[in-house]
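Derivation of every value follows stated rules applied to the coordinates shown; laboratory data play no part. All of these numbers come straight from a predicted model, not from anything done at the bench. We place every Cβ from the backbone using ideal geometry, glycine too, and count neighbours over all the protein chains shown.
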Amino acid sequence: MAEYWREHYDLLEYLKRNWRTVGPKLVGKLHIYMGDADTYFLDRATRELEAWMKTTENPHYEGYFLYGDQKPHCWSGPVSQAQRLKEMAMHGLRHMPAGTTAPWWRY
């Protein structure tokens, strides 16, 4: 069972297998905010991902990882969740493909 889940659902394993294809698409796009006291202990897996990303090549991309001291699951960084969502939406607008419209955005 664990092997099946690793093969089909483990993000780190997926990135390891497909980095040459997906890596170039992810450069500048991974911003991970994580409480270091995650309710589901996902901070451990996140630290493994961060360590592996420091070793990536072609392209080399370390991502951006920020850990909140004693923060739980769903910690969104030093700003409010509403502000984080606005930042994410603005990033999407700045990087959307040419010719794409965003009529859904009303800020």
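For G68, nonlocal amide neighbours, meaning residues 5 or more places apart or on other chains whose placed amide H falls under 5 Å from its own, are M34, G35, D36. Using the Karplus relation 6.51 cos²θ - 1.76 cosθ + 1.60 with θ = phi - 60°, the per-residue 3J(HN,Hα) values for the stretch 55-63 come to 9, 5, 9, 6, x, 7, 8, 8, x Hz, with x marking Gly and Pro.
The calculated 222 nm mean residue ellipticity attributable to helices in the chain amounts to -14500 deg cm²/dmol, summing -39500 (n - 2.57) over DSSP H runs of n ≥ 4 and dividing by all residues. Fully extending the segment from Q83 to Y40 would add 13.0 nm, taking 0.36 nm per residue of separation and subtracting the current Cα-Cα distance. Net length available on complete extension from T101 to Y14 is 28.2 nm, with 0.36 nm assigned per residue and the Cα-Cα distance removed.
Kirkwood analysis of the Cα pair distances in the stretch 1-106 returns a hydrodynamic radius of 15.8 Å. Label-to-label distance for H73 and T55 is 2.9 nm, based on points extended 7 Å past Cα in the beta-carbon direction. Selection among H31, L85, Q70 by position relative to the dipole of the chain gives L85 as farthest towards the positive end (Cβ unit charges, Cα centre).
When Y33, Y40 are sorted by how many other C-beta atoms sit within 10 angstrom of their C-beta, beginning with the fewest, the order is Y40, Y33.
Projecting label points 7 angstrom from Cα along Cα→Cβ for K25 and R6 puts them 2.5 nm apart. Highest-first packing order for the peptide set 64-71, 43-50, 20-27 is 43-50, 64-71, 20-27, based on the mean count of other beta carbon atoms within 10 Å. Per residue, the average separation of C-alpha pairs within less than 8 Å and at least 6 apart gives the chain a relative contact order of 25 percent.
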